[in-house]
1. Label-point separation (nm) for Asp35 and Ile76, each offset 7 Å from Cα along Cα-to-Cβ?
2. Rule-of-thumb check for the stretch 18-73: C-alpha Rg over 2.2 N^0.38 Å?
3. Taking H placed 1.01 Å from N in the peptide plane, check which residues at least 5 places from Gly51 or on another chain put their amide H under 5 Å from its amide H.
4. On full extension of the chain, what length is gained from Val92 through Ala7, given 0.36 nm per residue of separation minus the C-alpha to C-alpha distance?
5. As an exercise, identify the chymotrypsin sites (Phe, Trp or Tyr not before Pro) in the stretch 1-35 lying in DSSP coil whose Cβ has no more than 16 other Cβ atoms within 10 Å.
Amino acid sequence: FPPVQGATPWRVSVNGGRAPRWSRGGRELYYITGDSLIATEVLLGSPIRSGRQVPLFAVDGFVGQYDVRADGEVFIMARDLANASGGEPLIVMDGWLGELRRRASN
């Protein structure tokens, strides 16, 4: 990141990383390194430090952006199935709530 006056940068990973995302609570930072999604605890204080780094899962075939649900338990990611190994296809349905309500009212 570009320098910010008065801010002190802190290193999160010695092996580099990309696509960082903060947890909703601001206590964890997620990022991708190699073919893994990593969670790093953020230890607030003076100075801010990164804690234990935990590999969560492989992101083979990951493309583009991703996001994490507020509870930190579900990640939404796009995968290139033509180049990814294993896994199940994901089907996305637009308007499913309206369809559910329609069927429930019958």
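No value in this document is a laboratory result; all are computed from the given coordinates. Keep in mind the model is a prediction, meaning the values are calculated, not measured. Glycine also receives a Cβ, built like all others from the backbone with ideal geometry; neighbour counts cover every protein chain displayed.
1. 2.6
2. Details: Rg = 11.6 Å, N = 56, 2.2 N^0.38 = 10.2 Å.
Against the compact-globule rule of thumb, the ratio is 1.14.
3. Excluding prolines and chain starts, which carry no amide H, the hits are Glu41, Val42, Leu43.
4. Values: separation 85, 0.36 × 85 = 30.60 nm, distance 4.17 nm.
Between Val92 and Ala7, full extension yields 26.4 nm more.
5. Numbers: sites: Trp10, Trp22, Tyr30, Tyr31; in loops: Trp10.
Listed in order of number, the matching sites are Trp10.
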